[in-house]
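The values are calculated or read from the model by the stated rules, or taken from the named source; none is laboratory data. Here the structure is a predicted model, which means the values were calculated and not measured. In this analysis, Cβ positions are derived from the backbone assuming ideal geometry, glycine residues included, and neighbour counts consider all displayed protein chains.
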Amino acid sequence: MPKRLVIIGADAAGMSAAAQVRRLAKPDEFDILAFERGRHTSYAACGLPYLVGGFVEGPERLVARSPEEHRARGIDVRIRHEVLAIDPKARTVTVRDLESGAERAERYDELLIATGASGVMPPWPGADAKGVLQLRTLDDAAELQRLIDGGARRAVVVGAGYIGLEVAEALVERGLEVTVVERLDAPMGSVLDADMAGAVAEAMRSAGVDLRLGSSVEGFDTKDGRVSAVRTDGGAIAADVVVVGLGVRANSGLAREAGISVGEAGGILVDDHMRTGTPHVWAAGDCVESRHRVSGASMVVALGTHANKQGRAAGTNIAGGDDSFGGVLGTAVTRFGSLEIGVTGLTERDAAKAGFDAVGVVTESLTRAHYYPGAQPIRIKVLAERASGRLLGAQIVGGEAAGKRIDVLATALWNGMTVDEIGGMDLSYAPPFSPVWDPVLLAAGKAAAAL
């Protein structure tokens with residue numbers, strides 16, 4: 001009789017695990033049953049701002065694999081089904097069909113929790129008004145599109161992190177008047193140091209964004225059930241639509257209620273094989289905590305890259321193989337207009353909190369040879385441990401071809417290299433791609449000299 005794998009959540013981590021089990025196990029070894037409370041599976045949530053901005057032709061372009069396609073590959077996906085409870089002793093989950101309201105118990109031999117994360121929405125007055133939303137799902141994107149098509153012209157974005165920047169760019173592209181409200185003193189303030197974030201603020205304001213830093217939201221004014229203004233400590237801002245982008249929290253409540261361990265950061269605790277401390281229960285994706293490879297801290301990092309890797313590792317191990325997830329660095333890249341932003345590892349603030357004596361050095365260069373057309377400014381900050389010279393983190397802001405250079409520094413950071421070693425690496429050179437001294441080598445060399 002086949003073993004039964006039940007998966008809660010049918011997006012990146014859950015479906016990566018399911019596909020890996022199907023790939024590695026014998027055809028009759030597992031029955032795979034996945035429950036998804038939404039209407040879609042395996043779609044690129046990171047592409048939602050670009051869908052709203054018109055950079056992506058339609059929502060179907062973001063769907064990697066539909067429920068029908070998963071079923072054709074031997075994965076029984078049931079959309080609009082929500083798991084209400086887990087009973088680890090009986091090895092059952094309680095499921096509700098959201099269309100009919102019917103509930104039933106489903107048994108499992110192995111269970112994978114891949115419940116993802118939910119956007120943070122403080123309990124502000126008026127937060128339930130029409131026109132106040134987050135951009136987390138395809139349905140959210142469709143609603144935002146309807147509001148714009150219906151005549152919304154004044155948009156307020158709450159938060160100037162990754163989502164806030166990308167949504168603001170999309171709304172500017174659509175021709176809306178955009179105000180961004182951020183309680184910190186700089187955009188991207190949780191991942192960029194102040195001496196790097198200034199370029200982001202300048203790019204936003206140059207695009208016509210009314211950027212209000214050091215400002216806190218207090219609630220929303222409404223008229224006939226629709227949002228009409230955002231109330232802040234600096235006054236009211238008229239709004240036809242509001243997008244809240246304040247980060248996410250792991251959806252770990254289901255696990256916690258079942259007695260499955262949840263960590264201080266709010267994510268489900270797993271080992272590097274994605275096993276929880278409860279027998280036959282695994283977890284992966286945005287709902288789990290991961291180990292930061294530099295600081296050693298346990299943290300929730302909601303990125304599709306990690307979710308897919310963790311899902312693959314979980315699937316391999318459920319199928320009887322041996323795979324592990326190596327941790328996170330917080331590596332990410334984004335843009336606002338023509339400005340590219342890349343980060344990896346620790347900021348100066350993070351390094352101090354983790355107890356490192358760090359040296360931070362900023363270098364300015366060009367993305368191509370100075371005489372080659374299209375050369376753009378690039379600014380790199382490198383953070384190194386004073387005593388050992390070990391790289392602790394890096395940040396990049398610059399024009400075209402700047403952002404993805406962060407991957408060179410992320411690779412070095414992953415492997416524990418010193419800035420002196422990085423400065424001597426053999427990187428490629430040709431005038432259309434780089435100066436003879438690549439900006440990464442310059443930055444590492446300057447950091448090594450400062451130690």
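Does residue 265 satisfy the criteria of being surrounded by fewer than 19 Cβ atoms within 10 Å (Cβ to Cβ) and aliphatic (A, V, I, L, M)?
On the way: surrounded by fewer than 19 Cβ atoms within 10 Å (Cβ to Cβ): yes; aliphatic (A, V, I, L, M): yes.
Yes, satisfied.
Suppose the filter is basic (Lys, Arg) and either assigned by TED's automatic domain parsing to the domain that holds residue 191 or under 14 Å from residue 451 (Cα atoms) (or both); does residue 386 pass it? Step through it out loud before you land on a result.
On the way: basic (Lys, Arg): yes; either assigned by TED's automatic domain parsing to the domain that holds residue 191 or under 14 Å from residue 451 (Cα atoms) (or both): yes.
Here the answer is yes, as residue 386 does meet what is asked.
Evaluate the following for residue 60: is it without any contact (Cβ under 8 Å) to a residue 60 or more places away in the chain, assigned by TED's automatic domain parsing to the domain that holds residue 84, surrounded by fewer than 17 Cβ atoms within 10 Å (Cβ to Cβ) and under 17 Å from residue 136 (Cα atoms)? Working first, answer last.
Numbers: without any contact (Cβ under 8 Å) to a residue 60 or more places away in the chain: yes; assigned by TED's automatic domain parsing to the domain that holds residue 84: yes; surrounded by fewer than 17 Cβ atoms within 10 Å (Cβ to Cβ): yes; under 17 Å from residue 136 (Cα atoms): yes.
Spelling it out, residue 60 is indeed without any contact (Cβ under 8 Å) to a residue 60 or more places away in the chain, assigned by TED's automatic domain parsing to the domain that holds residue 84, surrounded by fewer than 17 Cβ atoms within 10 Å (Cβ to Cβ) and under 17 Å from residue 136 (Cα atoms).
Restricting to the range 177-196, count the residues that are of a type in the set (A, V, I, L, M) and touching a residue at least 60 places away in the same chain (Cβ under 8 Å).
Of the residues in the range 177-196, the ones of a type in the set (A, V, I, L, M) are 178, 180-181, 184, 186, 188, 191-192, 194, 196.
Checking which are touching a residue at least 60 places away in the same chain (Cβ under 8 Å) leaves us with 188, 191-192, 196.
Number of matching residues: 4.
Answer yes or no as to whether residue 340 is under 30 Å from residue 163 (Cβ atoms), assigned to a strand (DSSP E or B) and without any contact (Cβ under 8 Å) to a residue 40 or more places away in the chain. Step through it out loud before you land on a result.
Details: under 30 Å from residue 163 (Cβ atoms): yes; assigned to a strand (DSSP E or B): yes; without any contact (Cβ under 8 Å) to a residue 40 or more places away in the chain: no.
Judged against the criteria, residue 340 is not a match.
Just wondering, is there one or more residues in the range 2-13 that are among the basic types (Lys, Arg), farther than 18 Å from residue 307 by Cβ and in a strand (DSSP E or B)? Please lay out each step first, then the result.
Applying the first criterion (among the basic types (Lys, Arg)) to the range 2-13 yields 3-4.
This time we only want the ones that are farther than 18 Å from residue 307 by Cβ, so: 3-4.
Still in the running and in a strand (DSSP E or B): 3-4.
Yes: one or more hits.
Kindly provide the set of residues from the range 263-282 that are part of a strand (DSSP E or B) and free of Cβ contacts under 8 Å to residues at least 40 places away in the same chain, ordered by number. Walk me through how you get there before you give the answer.
The initial filter retains those residues of the range 263-282 that are part of a strand (DSSP E or B), namely 268, 275, 281-282.
Across the range 263-282, there are no qualifying residues.
Would it be correct to say that residue 98 is in contact (Cβ under 8 Å) with a residue 60 or more places away in the chain, closer than 14 Å to residue 43 by Cβ and in the same structural domain as residue 278 (by TED's automatic domain parsing)?
Numbers: in contact (Cβ under 8 Å) with a residue 60 or more places away in the chain: yes; closer than 14 Å to residue 43 by Cβ: no; in the same structural domain as residue 278 (by TED's automatic domain parsing): yes.
No: the conditions fail for residue 98.
Among the helices (runs of 4 or more DSSP H) contained in the range 361-451, which hold 1 or more residues that are of a type in the set (A, V, I, L, M) and over 26 Å from residue 326 (Cα atoms)?
Working: elements: 406-414, 419-423, 439-450.
The qualifying helices (runs of 4 or more DSSP H) are 439-450.
Residue 338 passes all but one of (1) crowded, with 24+ Cβ neighbours inside 10 Å; (2) touching a helix residue (DSSP H, G or I) at 6+ places or on another chain (Cβ under 8 Å); which number fails?
Going through the list (1) crowded, with 24+ Cβ neighbours inside 10 Å; (2) touching a helix residue (DSSP H, G or I) at 6+ places or on another chain (Cβ under 8 Å), residue 338 breaks only (1).
Could you list, in sequence order, the residues of the range 101-119 that are closer than 17 Å to residue 33 by Cα and either among the hydroxyl-bearing types (Ser, Thr, Tyr) or touching a residue at least 60 places away in the same chain (Cβ under 8 Å) (or both)?
Step one: of the range 101-119, the residues closer than 17 Å to residue 33 by Cα are 103-115.
106, 107, 108, 109, 110, 111, 112, 113, 114, 115, listed by residue number.
Any residue at all in the range 141-158 that's closer than 27 Å to residue 377 by Cβ and either in contact with a Leu (Cβ under 9 Å, 6 or more places away or on another chain) or modelled with pLDDT under 95 (or both)?
As a first pass, look at the range 141-158 and keep what is closer than 27 Å to residue 377 by Cβ: 157.
Next cut, either in contact with a Leu (Cβ under 9 Å, 6 or more places away or on another chain) or modelled with pLDDT under 95 (or both) only: 157.
There is at least one residue in the range 141-158 that is closer than 27 Å to residue 377 by Cβ and either in contact with a Leu (Cβ under 9 Å, 6 or more places away or on another chain) or modelled with pLDDT under 95 (or both).
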